[in-house]
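The values are calculated or read from the model by the stated rules, or taken from the named source; none is laboratory data. Small disclaimer: the values here were computed from a predicted structure and weren't measured. A quick note on method: Cβ atoms are made from the backbone with ideal geometry, for glycine too, and the neighbour counts reach across all protein chains shown. For the accessible areas, the whole protein counts, side chains as well, though only heavy atoms, and no ligand, DNA or RNA atoms are used. Shrake-Rupley method; radii C 1.70, N 1.55, O 1.52, S 1.80 Å.
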Amino acid sequence: MLKAALATAPFTGGIASLMTDYIPSMKQRRLEEFAEQVATDLKSLQDRVEEARLLTDEFAFVFEKCFRGAAEHHQQEKLDAFRGILVNSAIGADVANDENDYFLGLVNSLSALHLRILSFMSQPQAYLESHEINSNQISGGFSQFMPVAIPSVDIEVIKNAFGDLYQAGFINTDKTIFSTMTAGGGFELLGDRVSDLGKRFIAF
């Protein structure tokens, strides 16, 4: 229908190519890479994989949700999250079914930006190393170092995403910290700001 409606437009060829070639092949390639990474993870953890668990309805549900998520999202943070959930489920992570459903829904609804902020707040040093950011740049208040940790994102967008994580109960500090005068700065401001619920979500 879209191709027919745009039949007279000069850019129709580009739209048609996206619909028939690029999007299907892009999703296929992403799913293949996702499956290969999951398989590699499971092989490295094969002594901990509970084979009987793989045959349960609960694991089938998680499997479907994670592969559907991998097909629908291209951001690496989201793909890593779905991959981690699937592997943890295979090795029998201790998460109740209702909690499992809740966290799965949150992974789908949270943006890659939310996951990046939570990752930084949880393990700032490891995050900086993985993103090749010099830790010496983390100084001053939240308004100064968060744009360094989360580059190319407007500070107001970062503030709002930070506030979303507070509302979700994942961090114990609201976004007013960006405008609060503090005695210290840098890493000492990060402290233990991820809540117990946030830590449980990260472990999931």
Problem - Normalised contact order of the chain, rounded percent, pairs of Cα under 8 Å and 6 or more residues apart - result: 17
Handout entry: Cβ-based net charge around ASN160, under 11 Å, with every Lys or Arg adding one and every Asp or Glu removing one
Key = -1
Exercise for the section: Enter the accessible area per residue of the range 89-151 (Å², integer; probe 1.4 Å; all protein chains in place). Expected result: 45
Completion exercise
The alpha-carbon center of the range 132-204 and that of the range 50-81 are separated, in whole Å, by 28
Practice task
Enumerate the amide H contacts of ILE171 below 5 Å, restricted to partners 5 or more residues apart or on another chain; note that Pro and chain-start residues carry no placed amide H.
Solution key: TYR166, SER195
Fill in the blank from the handout: Taking only protein heavy atoms and a 1.4 Å probe, the highest-to-lowest accessible-area order of HIS131, HIS74 is HIS74, HIS131
Practice task
For the chain, give the magnitude of the charge dipole about the Cα centre (Cβ charges: +1 Lys/Arg, -1 Asp/Glu; no others), in debye to the nearest 20.
Solution key: 540
Fill in the blank from the handout: Length gained if GLU64 through ALA203 is fully extended, taking 0.36 nm per residue and subtracting the Cα-Cα distance, is 48.0 nm
Completion exercise
Semi-axes a, b, c in Å (a largest) for the range 96-204, each sqrt of 5 times a Cα gyration tensor eigenvalue, come to 24, 15, 13
Exercise for the section: For GLU188, GLU33, write out the residues from largest to smallest accessible area, computed with a 1.4 angstrom probe and no ligands counted. Expected result: GLU188, GLU33
Completion exercise
Nearest-0.05 FRET efficiency for ASP174 and ASP196 at R0 = 22 Å, using Cβ-Cβ distance, is 0.80
Exercise for the section: Quote the relative contact order of the range 86-175 in percent (integer), defining contacts as alpha-carbon pairs under 8 Å separated by 6+ residues. Expected result: 20
Handout entry: Solvent-accessible area, 1.4 Å probe, carbon plus sulfur percent, for the chain
Key = 52
Handout entry: Separation in nanometres of the label points that stand 7 Å from Cα toward Cβ, at HIS131 and THR182
Key = 1.6
Practice task
Calculate, in whole percent, how much of the Cα-Cα pair population of the chain lies beyond 23 Å.
Solution key: 56
Handout entry: Residue-span extension gain [MET26 to LEU55] - 0.36 nm each, minus C-alpha spacing
Key = 7.5 nm
